[in-house]
Amino acid sequence: MRRQVFMIVAAGMTIISLVWSTPARATNEAAEVAEHLIELVKIGREVVSEHQATINDATKAEKGFTSDFVADQVLERFKKKTKIDLRIPNVVPQANFYLALVEAEREVIDEAQPVINRPGVGFKGFLHAVFARRVGEHFYKKTGVRMKLTGIDYRTTNSKPDEFEQEVLRMFSDPRHPKDQVYARSTVVDGRPVLRMMDPEYTTTACLSCHGAPKGERDITGMKKEGWKEGSLAGAISLILPLK
Ligand code: HEC
């Protein structure tokens, strides 16, 4: 079988190759890789959000919210969801690629330790979206793959949806779009064939303190609440994976 090897090289950092078995199957395989990468980001954000109260605890210095702790949680939950145990060497062909994302998550948590462990301060500005943005930056440096959190009511320019993302977000917010269904399309970005994937996410009660009603009121972060209601579209994780 002819194998195609695509090297993704970025800014002299780690070189990781994505290997698609044949050009024809590349899109299907890429879709699986994209879904797994998105899953790893989602799980990481979930772990951060679940520990928000610990992170915000002003009475404690060392909080034990370390990169080892987060990586363990991510690997364990990823295994539960996908049956893939990334702790087993080369468990799947793209294992190194997935591990680069876990490594990006570790780096972000490591860098945030002085902030997370600062005593006497409650809210420190470290939360799910900041984590996702930084992980996206680290992962891009390692692999050249772009990943971001976006939404119609974006709060920072980093999350601003591009044209494609706006179109898909509009589709996601249409009640006829089946809930939780990802959208993927092969297309061309900057002259390169890529797979673009977006995974929608919805408002739960846990989001309302910052994103809920009343719209325009300041949340704990000092930003304006969007007035989202439980169950409504919050945004999406968007990934751009090179196909060759
Ligand atoms: C503690 C407050 C807080 C909570 C709780 C929270 N968020 Fe956020 N969220 C933020 C902040 C602050 C940003 C922007 C941060 C940045 O990009 O620097 C953000 C950004 C986002 C974005 C990116 C698009 C945008 O608006 O910029 C999405 C999507 C999002 N949040 C979804 C959620 C969902 C879904 C939940 C619940 C599961 C949730 N958030 C819970 C504070 C919060």
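Taken together, the values in this text are just the output of simple stated rules run on the coordinates, not laboratory data. Every value quoted in this text rests on a predicted model; they were computed, and no experiment measured them. Cβ placement follows ideal geometry from the backbone for every residue including glycine, while neighbour counts extend to all protein chains displayed.
Remarks
- Lys, Arg +1 and Asp, Glu -1 on Cβ, resulting dipole of the range 21-136 about Cα centre, debye, nearest 20: 220
- Shape box of the chain [Cα atoms, principal axes, largest first, Å]: 59, 42, 33
- Here the dipole of the range 140-205 is about 300 debye; that uses its Cα centre as origin and unit charges on the Cβ of Lys and Arg (positive) and Asp and Glu (negative).
- Alpha-carbon centroid distance for the pair the range 131-197 / the range 36-62, whole angstrom: 22
- Cross-link pairs Lys42/Lys244; Lys60/Lys148; Lys42/Lys160 - those with Cα-Cα distance over 21 Å: Lys42/Lys244; Lys60/Lys148
- Total formal charge among the other residues, if their Cβ is under 13 angstrom from that of Phe139, Lys/Arg +1 and Asp/Glu -1: +3
- Relative packing of 48-57, 69-78, 95-104, 183-192, which averages over residues the other C-beta atoms within 10 Å, highest first: 95-104, 69-78, 48-57, 183-192
- Most fluctuating residue given options Ile220, Ile38, Ile116, as computed from a GNM of the chain linking Cα atoms under 10 Å: Ile220
- Here the Karplus curve 6.51 cos²θ - 1.76 cosθ + 1.60, taken at θ = phi - 60°, turns the phi angles of the range 44-57 into couplings of x, 5, 4, 5, 4, 4, 4, 9, 4, 5, 5, 4, 7, 5 Hz, with x standing for Gly and Pro.
- Using just its DSSP H runs of length 4 or more, each adding -39500 (n - 2.57), the chain gives a mean residue ellipticity at 222 nm of -13000 deg cm²/dmol after division by all residues.
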